[in-house]
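A.B. asks: I'd like to ask some things about the structure below.
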Amino acid sequence: MTEREQVLLESGFVLHQRPYRNSSQLLECVTAGYGRVGLVARGSRRTGNRQRALLQPFAPLRLSWLRRGELGRLTQVEPAGFHYELAAQHLLAGYYANELLLRLTARSDPNADIFSCYSRCLAQLASATNVARTLRVFELDLLRALGYGVELNGDAVSGEPLRAESQYLFELERGFTCTERENPGADVYSGRDLISMRELTLGDEGSLRTAQRLLGRILRAHLGERPLQSRLVLQDILSRGL
């Protein structure tokens, strides 16, 4: 028989919620010490239920649950800080971060680095003037936390440091190699933009577009063919300057 797990006041966030049975909710949460967990919040859809107001995305929480098997039963929830007030592009960017975690993580796989980079992303989105930069930094941090980090220290063949004036060919299984040939169909990046990614400056539109192209390719390799719905909507909004 599976051993019963009891967890008290664990730091976490709600990533996704959906109705469950008559008056309950099924929650997907990311937590500091237990990774992503699935929890049933019994009766939380009833009018006047205290949990209903607390169990919202982008709100730092303390969660308690009992679990035997894949799904746990939420037993207590408390606020652990101020709800991050996100609106417009910032709100959609938050849902994009949530969707990334849901697609790239598995339940019950603890990873404190993932929780930390997600928490930083929400805090930065709450005050960010440049949503695109915040998301690119989050993607870089998340890939690193998952063990898929982008190697930006040097040429994969020669070992030489990246040079701002050089062009680099990227291959997913190999990394970056310096190239002198003109090849319009190749996946080539400027050293200047790659250095900007490494230093997390990303201070101009060129470096941001480069980061989006590179990280988009890497993420697709791990996400598969099904696109992220929130990313498609966000790209459309940003492209139209809304």
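A.B. asks: State the extension gain, in nm to one decimal, for the chain segment bounded by ARG103 and ARG226, taking 0.36 nm per residue of separation less the distance between their alpha-carbons. Show your work: numbers first, answer last.
C.D. replies: Details: separation 123, 0.36 × 123 = 44.28 nm, distance 1.01 nm.
Net length gain for the segment: 43.3 nm.
A.B. asks: Averaging sequence separations of C-alpha pairs under 8 Å and six or more residues apart, then dividing by the length of segment 1-158, give the relative contact order as a whole percent. Display every interim value, and only then the final one.
C.D. replies: Numbers: 275 pairs, mean separation 33.4, N = 158.
It rounds to 21 percent for segment 1-158.
A.B. asks: Report relative contact order for segment 88-239 in percent, whole number only (criteria: Cα-Cα under 8 Å, sequence separation at least 6). Intermediate results must be reported in sequence, preceding the final value.
C.D. replies: Working: 151 pairs, mean separation 35.6, N = 152.
Taking the mean separation of contacting Cα pairs over the length of segment 88-239, I get 23 percent.
A.B. asks: Output the 0 to 90 degree angle, nearest 10, between the alpha-carbon long axis of helix 88-104 and the longest principal axis computed from the alpha carbons of the chain.
C.D. replies: 90 degrees
A.B. asks: Tell me, what is the percent relative contact order of segment 5-79, built from C-alpha pairs under 8 Å that lie six or more residues apart?
C.D. replies: Values: 175 pairs, mean separation 26.2, N = 75.
With pairs under 8 Å counted, the relative contact order is 35 percent.
A.B. asks: OK, next. For segment 5-79, just run the numbers: alpha carbon Rg, then divide by 2.2 N^0.38 Å, N being how many residues it has.
C.D. replies: Details: Rg = 11.0 Å, N = 75, 2.2 N^0.38 = 11.3 Å.
So segment 5-79 has a normalised radius of gyration of 0.97.
A.B. asks: While we're looking at this one, here's another question. Once both axes come from the Cα atoms, what is the angle between helix 205-223 and the longest principal axis of the chain, in degrees from 0 to 90, rounded to 10?
C.D. replies: Rounded to the nearest ten degrees, it is 60.
A.B. asks: Continuing with the same structure: If you take the charge dipole of segment 5-79 about its Cα centre, with +1 on Lys and Arg Cβ and -1 on Asp and Glu Cβ, which of ALA53, ASN22, GLY38 is farthest toward its positive end?
C.D. replies: It is ASN22, whose Cα lies furthest towards the positive end.
A.B. asks: Using only the alpha-carbon atoms, how far is helix 229-239 inclined from the longest principal axis of the chain? Give it as 0 to 90 degrees, nearest 10.
C.D. replies: Relative to the chain, helix 229-239 is tipped by roughly 50 degrees.
A.B. asks: Under a point-charge model restricted to the Cβ atoms of Lys and Arg (+1) and Asp and Glu (-1), what is the dipole moment magnitude of the chain relative to its Cα centre, in debye to the nearest 20?
C.D. replies: The dipole of the chain has a size of about 1500 debye.
A.B. asks: Taking N as the number of residues in segment 88-239, what value does Rg over Cα atoms divided by 2.2 N^0.38 Å take? Walk me through the numbers on the way to the answer.
C.D. replies: On the way: Rg = 15.7 Å, N = 152, 2.2 N^0.38 = 14.8 Å.
Relative to the 2.2 N^0.38 Å estimate, segment 88-239 comes out at 1.06.
Laboratory data are not the source of any read-out in this text; all were calculated from the coordinates shown. Since the structure is predicted, the reported quantities are computational estimates derived from the model, not experimental observations. Every residue, glycine as well, gets a Cβ built from its backbone with ideal geometry; the counts of neighbours run over all protein chains shown.
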